[in-house]
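Q: Structure below; questions to follow.
The values are calculated or read from the model by the stated rules, or taken from the named source; none is laboratory data. This is a predicted model, so every value here is computed, not measured. Methodologically, a virtual Cβ is constructed for each residue, glycine included, from the backbone with ideal geometry; neighbour enumeration extends over all protein chains shown.
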Amino acid sequence: MPRPRFCRNPRCRNSRNPPAGWLARAGHYPTAAHGLVQRYVCTRCGKGMGEQTESMHYYAKRRLKLAEILSRLRGGSSLRDIGRELGCSRTAVANAVVRLARQAMACHVDLLSGLPLPGRLVFDGLASSVTGHDYPSQIHTLVDGSVELLLAMTHYVGPRGGTITVKQLERIKEKYRVWSPQPGALKDSIALLVNELTAFAPAAALLIDTDEYRLYPPVIEADLALRWYREAGLLEVRRTPGTAERTASNPLFPVNYVDRMIRHRMKEHTRETIAGGRNSTMQMMRMWIFAWDHNVRQPHRVEPPADECRAAKAGVSTTLLRRLKREFYHRRRSVRRHRVPESMRQVWLAGLATPPVRWVKGQASYGPGVPQYASLDLSFSRPAG
């Protein structure tokens, strides 16, 4: 079991750089899920902790095989299907997915701290839906232009477009009386991604590739950080038609490749799917699990050498990658001393706007909760910005 590495009291000095001998044993306590657990106290503030405090199974009523759940999830299995195979409820599997997603986000923050900044970035939107086609969603992805490394994502839920029958229009009006998309949310989602884009850009020449969507130019023009690049003559924005042939020579190939992998590995984003997402936060949590799998677990190319993942290809140290892989299913990764982007904070704290599933009867609450330990984990990070 993992021994705590720092004090869980944010006001204690040992929560930052604990010295040797800061932790003292303080007996044991019995649990139904984990057996007898060693208890510790901080020698400075007296905060109590245990061997389960930083465990991936902390506060879980049942220990599930997280590696098997992630493998089945990326293989397209639904939560109910995974629950049947593991002999547990869909809710238990959903709880494990939330734990895996927060772990993937924390590892992603740590991963990017050791990433050499790329000089070319590509972003685009992936069309999907939440709770059905009446609430289309877009997931905007920011990708490294050299090795298809997935860097950041934002989420948007909007009104239904296209041809609508009279019967569908009546149903949509009834739904929108219960929950309607926020005006301007699409532009805000793109602006958030563009705002976070400069965190991955070097203080040198920067090339941004997008398609010809009408909202991209004004959002890029209005961003203050990109204004510095533009005034210094370091910014080039290249726009490619979405109808261009999707080959490796297409400037949008990196983001098109990521979109294809998302639709291939995640059932809810397959076109004409019957396994659509039921909640915006859960949809993005599964996306962050995909990002971990795509960046770290999958090889950059099938041809030899096939053992080098995209993170390694981008320049992340082998030592860091080995440590992240070794601890992923066992110890919760800390985001101390790291900046957590606002787009990731929204997912971590279940703050994404999402329509209800049962819109006829109404729902008091829906979506994953945020346990106290998860909020505390995030509180140790540096402020975004």
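Q: Say whether the condition of being under 18 Å from residue 370 (Cβ atoms), assigned by TED's automatic domain parsing to the domain that holds residue 153 and not hydroxyl-bearing (Ser, Thr, Tyr) is met by at least one residue in the stretch 106-118.
A: Just the residues of the stretch 106-118 that are under 18 Å from residue 370 (Cβ atoms), to begin with: 106, 109.
Restricting the remaining residues to those that are assigned by TED's automatic domain parsing to the domain that holds residue 153 gives 106, 109.
Those left that are additionally not hydroxyl-bearing (Ser, Thr, Tyr): 106, 109.
Yes.
Q: Look through 117, 112, 100, 142 and report the one residue that is within 30 Å of residue 217 (Cβ to Cβ) and at pLDDT 95 or above. Can you show your working first?
A: Values: 117 fails: at pLDDT 95 or above; 112 fails: at pLDDT 95 or above; 100 fails: within 30 Å of residue 217 (Cβ to Cβ).
That would be 142, the only listed residue that is within 30 Å of residue 217 (Cβ to Cβ) and at pLDDT 95 or above.
Q: Tell me yes or no: at least one residue of the stretch 347-357 is in contact with a Leu (Cβ under 8 Å, 6 or more places away or on another chain) and not acidic (Asp, Glu).
A: As a first pass, look at the stretch 347-357 and keep what is in contact with a Leu (Cβ under 8 Å, 6 or more places away or on another chain): 348-349.
From what is left, the residues that are not acidic (Asp, Glu) are 348-349.
Yes.
Q: When the residues of the stretch 14-46 are narrowed to those that are polar (S, T, N, Q) and under 34 Å from the mean Cα position of the chain (by Cα), which ends up farthest from residue 4 (Cα to Cα)? Even if it seems obvious, please write down each step before you answer.
A: Restricting attention to the stretch 14-46, the residues satisfying the condition of being polar (S, T, N, Q) are 14-15, 17, 31, 38, 43.
Still in the running and under 34 Å from the mean Cα position of the chain (by Cα): 14-15, 17, 31, 38.
Numbers: 14: 11, 15: 10, 17: 13, 31: 18, 38: 11 Å.
Going through the qualifying residues, I end up with 31.
Q: Considering only residues that are β-branched (Val, Ile, Thr) and at pLDDT 90 or above, look in the stretch 23-71 and name the one that is nearest to residue 289 (Cα to Cα).
A: First pass over the stretch 23-71, keeping only residues β-branched (Val, Ile, Thr): 31, 37, 41, 43, 53, 69.
Next, only the ones that are at pLDDT 90 or above stay: 37, 41, 43, 53, 69.
Details: 37: 29, 41: 33, 43: 37, 53: 22, 69: 11 Å.
Going through the qualifying residues, I end up with 69.
Q: For residue 86, state whether it is at pLDDT 90 or above, of a type in the set (A, V, I, L, M) and closer than 22 Å to residue 377 by Cα. Can you show your working first?
A: Working: at pLDDT 90 or above: yes; of a type in the set (A, V, I, L, M): yes; closer than 22 Å to residue 377 by Cα: no.
Answer is no for this residue.
Q: Next up: Just give me the residues in the stretch 227-243 being assigned to a loop (DSSP other than H, G, I, E, B), among the β-branched types (Val, Ile, Thr) and surrounded by 13 or more Cβ atoms within 10 Å (Cβ to Cβ), in sequence order.
A: 240 - this is the single residue of the stretch 227-243 that is assigned to a loop (DSSP other than H, G, I, E, B), among the β-branched types (Val, Ile, Thr) and surrounded by 13 or more Cβ atoms within 10 Å (Cβ to Cβ).
Q: Considering only the stretch 260-298, state which residues are assigned to a helix (DSSP H, G or I) and over 15 Å from the mean Cα position of the chain (by Cα). Break it down stepwise before answering.
A: At the first step, the residues of the stretch 260-298 found to be assigned to a helix (DSSP H, G or I) are 260-265, 267-269, 280-297.
Passing the criteria: 260, 261, 263, 264, 265, 267, 268, 269, 297.
Q: Right, something else. Go through the stretch 244-259 and give me each residue that's in contact (Cβ under 8 Å) with a residue 24 or more places away in the chain and not in a helix (DSSP H, G or I).
A: Answer for the stretch 244-259, where residues must be in contact (Cβ under 8 Å) with a residue 24 or more places away in the chain and not in a helix (DSSP H, G or I): 251, 252.
Q: Could I ask something else about it? Being surrounded by fewer than 13 Cβ atoms within 10 Å (Cβ to Cβ) and either under 25 Å from the mean Cα position of the chain (by Cα) or part of a helix (DSSP H, G or I) (or both): is that true of residue 218 here?
A: Values: surrounded by fewer than 13 Cβ atoms within 10 Å (Cβ to Cβ): yes; either under 25 Å from the mean Cα position of the chain (by Cα) or part of a helix (DSSP H, G or I) (or both): yes.
Yes.
Q: From the list 154, 131, which one is modelled with pLDDT of 95 or more and in the same structural domain as residue 220 (by TED's automatic domain parsing)? Let's see the steps before the verdict.
A: Numbers: 131 fails: modelled with pLDDT of 95 or more.
The unique qualifying residue is 154.
Q: Moving to a separate point now. What strands (runs of 3 or more DSSP E) lie completely within the stretch 1-99 and have 2 or more residues being β-branched (Val, Ile, Thr) and either touching a strand residue (DSSP E or B) at 6+ places or on another chain (Cβ under 9 Å) or surrounded by 14 or more Cβ atoms within 10 Å (Cβ to Cβ) (or both)?
A: Working: elements: 23-31, 35-42, 48-50.
Output list reads 35-42.
Q: Can you tell me which residue is nearest to residue 92 (Cα to Cα) among those in the stretch 358-385 that are of a type in the set (S, T, N, Q) and at pLDDT 85 or above? Steps first, please.
A: If we filter the stretch 358-385 for residues that are of a type in the set (S, T, N, Q), which is where we start, we get 363, 365, 372, 375, 379, 381.
Narrowing further to those that are at pLDDT 85 or above: 372, 375, 379, 381.
Values: 372: 18, 375: 20, 379: 26, 381: 28 Å.
That would be 372.
Q: Take the stretch 181-193 and flag every residue that is of a type in the set (Gly, Ala, Ser), surrounded by 14 or more Cβ atoms within 10 Å (Cβ to Cβ) and either under 14 Å from residue 137 (Cα atoms) or not assigned by TED's automatic domain parsing to the domain that holds residue 361 (or both). If you could, list the steps in order and put the result at the bottom.
A: Initially, the stretch 181-193 is screened for residues of a type in the set (Gly, Ala, Ser), giving 184-185, 189, 191.
This time we only want the ones that are surrounded by 14 or more Cβ atoms within 10 Å (Cβ to Cβ), so: 185, 189, 191.
The answer is 185, 189.
Q: Can you name the residue in the stretch 95-130 that is under 21 Å from residue 73 (Cβ atoms) and of a type in the set (S, T, N, Q) and, of all such residues, is nearest to the chain's Cα centre (by Cα)?
A: 103
Q: Confirm whether residue 333 is out of contact with any strand residue (DSSP E or B) (no Cβ under 6 Å at 6 or more places or on another chain) and either closer than 26 Å to residue 267 by Cα or of a type in the set (Asp, Glu) (or both). Give the steps one after another, and end with the answer.
A: On the way: out of contact with any strand residue (DSSP E or B) (no Cβ under 6 Å at 6 or more places or on another chain): yes; either closer than 26 Å to residue 267 by Cα or of a type in the set (Asp, Glu) (or both): no.
Spelling it out, it is not the case that residue 333 is out of contact with any strand residue (DSSP E or B) (no Cβ under 6 Å at 6 or more places or on another chain) and either closer than 26 Å to residue 267 by Cα or of a type in the set (Asp, Glu) (or both).
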